[in-house]
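Below: the structure, in structure tokens.
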Amino acid sequence: MSIRVEAITESEIAAARQRLPRAFSATPTERLRFWAFWGLNGALTLYCLVRFGFLSGDFLHGMGKFASVVVAQLFPPAGWAHMPEFLKAMGETIAMAFLGTLLGAVCALPLSFLASRNMTRARPVQFGTRRFADLLRAFDYLIWALIFVRAVGLGPLAGIMAIAIVETGTFIKLYSEAIENLDRKQVDGIAAAGGNALQRVRFGVLPQVLPMMLSNTLYMFEHNVRSASILGIVGAGGIGFLLADRLRAYALQEACTIIILVIVAVYAIDWLSKVLRERLIGDHRRREPVDDAV
Amino acid sequence: VTFEEQYAAYRRQKRWYAAGFFIVFLACLAAAWVTARFDPLVLLNGLPRTTEFLVKLVPPIGMSTFGADVREWYWDGAKWMDSLLSTLLMAYLATVLGTAIGGFLSFFAARNLAQHYVVYWVTRRVLEVARTVPDIVWALLFIIAFGIGPLAGILAITVHTIGAQGKLFAEVNENISPLPIDGVRASGGTWFQVMRFAVLPQVLPNYMSYTFWRMELNVRSATIVGFVGAGGIGHDLFTSVQLLYFADAGAILLIVVATVMLIDMLSEQFRHSAIGKAAFAR
């Protein structure tokens with residue numbers, strides 16, 4: 001069967017338009033909403049551009065300076081003589097991420113049972129633990145690091161504590177979601193065979209949730225290597241301190257070397273963690289190294 | 001081989017694996033412990049000082065003098081609110097600029113739309129560098145050229161946003177169905193009409209949803225780029241902590257946490273509304 005285009009008359013089109021108006025064009029309200037949305041955004045963007053000085057000569061001057069001074073001086077990377085120092089700082093960064101993630105996971109494990117609906121009957125306790133976790137996550141790593149540097153002094157310990165605090169919040173959320181999704185039948189089976197509370201958790205709950213928890217923990221470790229690499233900017237240890245120091249001293253070529261080192265280390269850790277996740281728990285989820293997922 | 005023997009062999013093998021992993025884990029732990037000069041005693045000593053510090057963030061507020069106490073706590077409230085507005089606008093502008101540029105580049109970073117493999121590969125690597133370098137490092141670089149101020153912060157967040165949006169949008173572009181494109185082309189549509197009526201309706205919901213999510217993340221970034229002098233409320237927070245004005249720091253932290261939570265909530269609402277539903281039904 002075929003349709004002959006020339007057989008469609010103007011009046012037939014008009015009739016179709018009458019019958020199905022939305023197939024031909026949007027309604028006036030829809031059009032109004034569309035133009036209001038883009039109009040408002042356009043106006044706000046223009047206001048911001050003016051407010052922050054994008055439309056002035058200073059901006060062009062700065063861009064020229066950025067191209068001629070900053071980008072031109074970054075290359076070629078230099079300071080290979082300092083490589084042992086850089087590598088040591090990178091190792092410290094990874095160690096901070098490792099200990100911070102581990103500490104966060106250990107603190108979060110018992111709390112995550114309190115935060116799951118199916119494990120904690122007392123609603124206020126469950127709700128309170130969840131909100132507590134939200135509060136810990138609400139502040140960025142750098143804000144916690146700033147606070148802990150004041151409390152325990154300069155050095156990697158402040159960074160470890162910052163990562164541990166944020167991760168406690170994140171892991172309470174992730175672990176309790178895993179626990180809430182578990183299959184009740186296994187737990188009931190253990191209970192029916194006369195298992196006590198501890199045995200129910202050990203043989204009914206943990207076998208179901210452990211792979212998920214391990215995978216999330218490894219994934220957050222990857223993420224935290226990235227976070228830890230900048231904590232040094234506020235004095236909380238790691239390679240960020242050297243990087244900020246070189247950038248503030250205009251030693252751009254050495255800074256470039258450090259940036260390349262961080263990128264290489266981050267990719268190496270991502271790869272290692274991916275291999276481990278696949279080996280340990282058959283987690284083949286494609287999680288590309290985007291910056292700040294979660 | 002009886003079942004018992006096979007089962008015992010299986011158990012033995014599993015136990016060896018577990019023991020191996022445990023030893024590797026312990027070795028990593030020991031290495032990290034030494035490298036980071038971790039000392040549980042310092043940690044334990046630090047905890048009371050941390051609580052002390054956290055308590056100092058909130059000044060004494062009496063029940064009877066509640067209003068006056070809060071007013072005194074927020075003595076510089078007008079300035080902080082202005083910084084907050086500046087922070088939000090920084091995040092907004094960086095999201096708009098980064099999404100526009102990243103969206104444009106995403107067409108070259110999509111395997112099915114890029115004209116040449118070299119173009120695809122180069123765009124992918126550029127986007128990768130833009131998002132792997134943390135925004136606060138970009139801020140330090142831009143400060144060298146633009147000086148202290150919000151401009152450096154906006155540019156830093158913009159570069160990071162370009163990298164993230166470019167990649168996410170490229171994945172959306174790669175997943176579009178070619179059928180509507182063929183349809184519009186078959187009925188005589190021009191290139192512009194193909195883009196407008198076949199491609200845009202497919203990708204726009206996802207673009208919108210990713211953009212709201214990016215706005216959330218950029219508000220967080222905009223609050224911390226101030227630590228290195230790139231504008232926003234982070235600058236006020238950093239100075240008050242450095243000068244040991246703890247009550248001020250507490251007041252600003254409260255503003256920050258309220259804002260971050262509010263933006264998260266609003267953005268979630270948007271994403272779960274009509275646009276978001278289409279976007280997350282993958």
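What follows draws every value from the coordinates through simple rules; no lab data is involved. Only a predicted model underlies this, so the values are computations on that prediction, with no experimental measurement involved. No Cβ is skipped: glycine too gets one built from the backbone with ideal geometry, and neighbour counts run over all protein chains shown.
Just a few scattered comments:
- Taking packing as the residue-averaged number of other Cβ atoms within 10 angstrom, the listed peptides B:141-152, B:2-13, A:156-167, A:62-73 run from highest to lowest as A:156-167, B:141-152, A:62-73, B:2-13.
- Peptide A:150-158, shielding by other chains (average Cβ, 10 Å cutoff): 5
- Site pair A:A14 and A:W35 shows an inter-label distance of 2.6 nm when each label is modelled 7 Å from Cα along Cα→Cβ.
- Calculated FRET efficiency for the pair A:V275/B:Q13, C-beta based, R₀ 30 Å, to 0.05: 0.90
- Note on A:F127 and B:T51: with the Förster distance fixed at 22 Å, the Cβ-Cβ geometry gives a FRET efficiency of about 0.35.
- Proxy reagent accessibility, fewest Cβ within 10 Å first, across B:M215, A:M96: B:M215, A:M96
- Prolate/oblate/rounded label for chain B (Cα gyration tensor, a/c 1.5): oblate
- Peptide packing for B:204-214, B:153-163, A:124-134 was compared via the average number of neighbouring C-beta atoms within 10 Å per residue; ordered from the highest value, the list is B:153-163, B:204-214, A:124-134.
- Pairs of lysines in the protein assembly as shown (C-alpha under 28 Å apart; 8 or more residues apart or interchain): 10
- Reciprocal of mean inverse Cα separation for the protein assembly as shown (Kirkwood radius, Å): 26.9 Å
- Centroid-to-centroid, using Cα positions, region A:239-259 and region A:46-86 are 14 Å apart.
- Measuring r between the beta carbons of B:Q6 and A:K65 and using R0 = 60 Å, the FRET efficiency lands at 0.25.
- A simple spin-label model places the labels of A:E180 and B:T190 5.2 nm from each other, with each point 7 Å out along Cα-to-Cβ.
- Counting Cβ atoms of other protein chains within 10 Å of each Cβ in A:44-54 and taking the mean gives 5.
- Within a Gaussian network of chain B (alpha carbon springs, distance under 10 Å), most fluctuating of B:T65, B:T35, B:T87: B:T35
- Highest-fluctuation residue, A:P110, A:P21, A:P76 considered, GNM on chain A with Cα pairs under 10 Å: A:P21
- GNM flexibility winner over chain A from A:R137, A:R200, A:R19 (Cα, springs under 10 Å): A:R19
- For region B:240-250, backbone phi angles converted through the Karplus equation (6.51, -1.76, 1.60; θ = phi - 60°) give residue-by-residue couplings of 5, 6, 4, 8, 6, 8, 5, 4, 4, 4, x Hz, Gly and Pro being listed as x.
- Whether region A:78-192 is rounded, prolate or oblate, judged on the alpha carbon gyration tensor where a/c under 1.5 counts as rounded: prolate
- Along principal axes, Cα extents of region A:177-225, largest first, whole Å: 45, 17, 11
- Region A:5-141 shape via C-alpha gyration tensor axes, a/c threshold 1.5: oblate
- Each label point was placed 7 Å from the Cα along the Cα-to-Cβ direction; for B:V42 and A:N196 their separation is 4.1 nm.
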